Amino acid sequence: MTQPVYLYIHIPFCISKCKYCDFFSLTQNSYISKMDEYIEALCKEIEFRCKQYKKTNKNDFCQSVYIGGGTPSLLPASSVEKILQTIKLFLIINNQTEITIETNPDDINEEYLEKIYALGINRISCGIQSLNDESLKFVKRRANRKQNLKALEILKNHWKGKLSIDLISALPYETENSFLEGLETIISINPEHISLYSLTIEDETPLGQELNTGVFDYDFDFADEMWLSGKKLLEDKGYEQYEVSNFCKKNEECIHNLAYWTHKDYLGCGSGACGSVYFDDGSGNRWTNTKDISKYINAWTNNQREDCAILENVSVEDSKYEFFMMGLRKKIGITSFEYSEIFKEDLPDNFIKLITRWQKQGLANIQVLNNNQNKIKNIRYALNNKGLLFLNQFLEEL
């Protein structure tokens, strides 16, 4: 069964690194100076991945392109153009293709918006994160409150495409009042999509190290309450939660992210990027590219791609677990038909028993959809609003 292509492009360059960030990015000038070489190598990988995928799946329509990072808004427009032109050589991109670029607020200006829109970018994901100056300064965000507000105003008045705003609830020194006031400001510019993340503090990040050494205190229960208050405000203002951390207006879900959550193939290109392609039995191949940018550039420049990525087979059993892990993040959950289409078998009994028990506890919904011509029921299984808060517990029990 063929599928449209979903393409992720990783741009691993940042001017500075936030204390909480555990995504792969580099800030040294020695790496940023290699940006042109990197783009050349990246385009060679894009060519290889697209050709390889088309040969296997015989499908060349590109459903989404997501340029993430790092800080892709550091790229000059000419580099963005080169990336998109390379993709268009091998895949069909039309007005149905969602093309997203992640941006930092202090990179936003009218000229930038005009240039990327003219190139075909039709969706911006802007990392505002907070409008509290004390919080922004503490976690070393590049943009302060004033710069964030300026970016929001420019986006409101000059951006012609779709807009998604990223926020993190309960950054250190954020109060419930400052957080909700900031969220109200975000909502007032009318973005189609808002990602509201709980702060995750990883031990290996500077923020995790400071927490572990007592530089600051953090109340995780209060943080949970703050996120819930943000969720309520978003829903009161007409934004629907369609995934654990993502809210949107009607029919404005992120097409690219839905590919991850619905077990679709996705091609990951760039240093540190990951991609997965699945087979007819539900198993798959996955690659994770090296985080050594010099090695990455050398591998693709000199056609030595076998040295560039770690390859792994995704077993059928692992793939099944990932189906549940990702699919149950969605508000609409999963269906028995989706599972049988991928794995050619019925949903396992242990899943049915577990989610039925959660339904009886008021944590899940089970809904019979429609019967097909063979009289086989299609049943939807989903964690409800309360159940989604305990997704990890459900997966552990599964």
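The values are calculated or read from the model by the stated rules, or taken from the named source; none is laboratory data. These numbers come from a predicted model, not from an experiment. Cβ atoms come from the backbone with ideal geometry, glycine included; neighbour counts cover every protein chain shown. Accessible surface areas use protein heavy atoms only, side chains included; no ligands, DNA or RNA. Shrake-Rupley method; radii C 1.70, N 1.55, O 1.52, S 1.80 Å.
Data overview
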item	result
For the stretch 117-147 and the stretch 308-371, distance of Cα centres in Å	35
22 Å Cα-Cα reach of Lys150 towards lysines, excluding residues that sit fewer than 8 places from it in its own chain	Lys17, Lys115, Lys137, Lys140, Lys160, Lys162
Dipole of the stretch 1-117, positive end: most advanced residue of Tyr20, Gln85, Cys62 [Cβ charges, Cα centre]	Cys62
Under 15 Å, Cβ to Cβ, from Leu136 - net charge with Lys/Arg +1 and Asp/Glu -1	+3
Partner aspartates and glutamates for Lys156 [C-alpha distance under 13 Å; skip if fewer than 8 residues away on the same chain]	Glu110, Glu192
Carbon/sulfur fraction of accessible area - the stretch 123-170, other protein chains in place, 1.4 Å, %	45
Trypsin sites (Lys or Arg not before Pro) within the stretch 176-284, DSSP loop, no more than 11 other Cβ atoms inside 10 Å	Lys250
Candidates Tyr381, Tyr239, Tyr112: whichever shows maximal mean-square fluctuation once the chain is modelled as a Gaussian network with Cα springs under 10 Å	Tyr112
Surface per residue (accessible, 1.4 Å probe) for the chain, Å²	48
Rounded to the nearest 20 debye, dipole of the stretch 142-191 from Cβ charges on Lys, Arg, Asp, Glu	400
Dipole-positive endmost among Asn122, Ile293, Ile187 within the chain (Cβ charges, Cα centre)	Asn122
Pairwise Lys count, the stretch 219-315 - Cα closer than 18 Å, eight or more residues apart or different chains	6
Spatially proximal lysines relative to Lys360 (Cα-Cα < 24 Å; intrachain offsets below 8 disregarded)	Lys330, Lys331, Lys377, Lys386
Relative contact order [Cα under 8 Å, 6+ residues apart], the stretch 204-360, whole percent	16
Inter-label distance, nm, simple model (7 Å from Cα along the C-beta direction), Asn144/Glu40	4.1
√(5λ) per eigenvalue of the Cα gyration tensor, the chain, largest first, Å	32, 30, 21
Net length gained if the chain between Gln85 and Glu153 were fully extended (0.36 nm per residue, minus Cα distance)	21.4 nm
